[in-house]
Amino acid sequence: MATIFSKIVAGEIPSYKIAEDDKHYAFLDINPVAPGHTLVIPKKEVSYLFDLSDEEYTALQLFAKKVALAMKKALPCERIGVTVIGLEVPHAHIHLVPITTEGDMNFSKPKMTLDPTEMAEIKEKITKYIN
Ligand code: 5GP
């Protein structure tokens with residue numbers, strides 16, 4: 001059965017798309033730990049990030065770098081934090097989170113739900129800086 005993230009790539013579930021190429025997709029996390037929190041995934045369904053081949057892993061990281069650089073330009077933050085969890089959705093993904101303090105990367109605190117207008121505005125801001 002297709003993962004929820006494959007359904008997002010297929011357009012069966014809506015998402016705030018940040019970037020896409022033939023093998024990768026980036027979109028806003030629906031329940032961010034900080035505004036602009038973005039997920040970067042390979043289109044290929046692999047549950048565990050470190051089961052990707054070296055080539056696939058490297059390509060995903062380079063795609064994530066492109067997204068992170070755009071996020072840093074677009075959003076008020078000191079850096080873009082990177083983490084991998086993967087306990088909820090069994091489709092490899094990298095979390096990119098705009099951070100100013102260490103606490104901004106705390107995945108244990110209650111997550112946010114932003115209104116659709118705010119999500120759309122954040123998407124617009126970041127995508128302006130995607131080449
Ligand atoms: P993890 O698997 O790394 O523990 O967490 C999965 C992440 O995916 C969570 O941060 C969660 O908010 C996000 N997520 C789960 N389902 C959806 C969805 O349908 N759309 C979007 N945009 N994000 C999702």
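Taking all C-alpha pairs of segment 40-88, those more than 16 Å from each other amount to 46 percent.
Placing dummy labels 7 Å off each Cα toward the beta-carbon, the span from E78 to E118 is 2.2 nm.
Rounded to the nearest 20 debye, the dipole magnitude of the chain is 320 debye, with +1 charges on Lys and Arg beta carbons, -1 on Asp and Glu beta carbons, and the Cα centre as origin. Between the beta carbons of A10 and N31, assuming R0 = 25 Å, the FRET efficiency works out to 0.75 to the nearest 0.05. For the chain, set up a Gaussian network in which alpha carbons nearer than 10 Å are linked by springs, and say which option among S47, S108, S15 fluctuates the most. So, out of S47, S108, S15, the one fluctuating most is S108.
What does the charge count near K128 come to, summing +1 for each Lys or Arg and -1 for each Asp or Glu among other residues with Cβ under 14 Å from its Cβ?
The answer is +4.
For the options T100, T58, T117, a Gaussian network treatment of the chain with springs between C-alpha atoms closer than 10 Å singles out T117 as fluctuating the most. Using Cα atoms only, what is the angle between the long axis of helix 116-127 and the major principal axis of the chain, expressed in degrees (0 to 90) to the nearest 10? Taking the Cα atoms of the chain, the angle to 116-127 is about 70 degrees. Accessible surface for the chain, divided over its residues, is 58 Å² per residue with a 1.4 Å probe.
Of the residues A10, V46, C77, the one whose Cα sits farthest toward the positive end of the charge dipole of the chain, with +1 on the Cβ of Lys and Arg and -1 on the Cβ of Asp and Glu, is C77. Just how far, in whole angstrom, is segment 46-71 from segment 75-131 if you go by their alpha carbon centroids? Here the answer is 16 Å between Cα centres.
Working from Cα pairs under 8 Å separated by at least six residues, relative contact order for the chain is 30 percent. By the Stokes-Einstein formula, at 1.306 mPa s and 10 °C, segment 1-73 with its Kirkwood radius over alpha-carbon pairs has D equal to 124 µm²/s.
Only Cα sites of the chain enter the Debye sum here, all with the same form factor; the resulting log10 I(q)/I(0) across q = 0.20, 0.23 1/Å is -1.23, -1.61, listed in q order. For the chain, the longest principal axis of the C-alpha atoms and the axis of helix 54-74 are separated by about 20°.
Nearest 0.05, what FRET efficiency do F50 and D21 give at R0 = 25 Å with Cβ-Cβ as r? Here the calculated transfer efficiency is 0.70. Largest GNM mean-square fluctuation across H24, H93, H37, computed for the chain with C-alpha springs under 10 Å, falls on H24. Here segment 30-65 is scanned for amide nitrogen atoms under 13 Å from the site 7 Å beyond the Cα of N131 along Cα-to-Cβ, giving 63, 65.
The values are calculated or read from the model by the stated rules, or taken from the named source; none is laboratory data. Computed from a predicted structure; not experimentally measured. FYI the Cβ positions are ideal-geometry reconstructions off the backbone, even for glycines, and counts take in every protein chain you see. Calculation scope for accessible area: heavy atoms of the full protein, side chains included, ligands and nucleic acids excluded. Shrake-Rupley method; radii C 1.70, N 1.55, O 1.52, S 1.80 Å.
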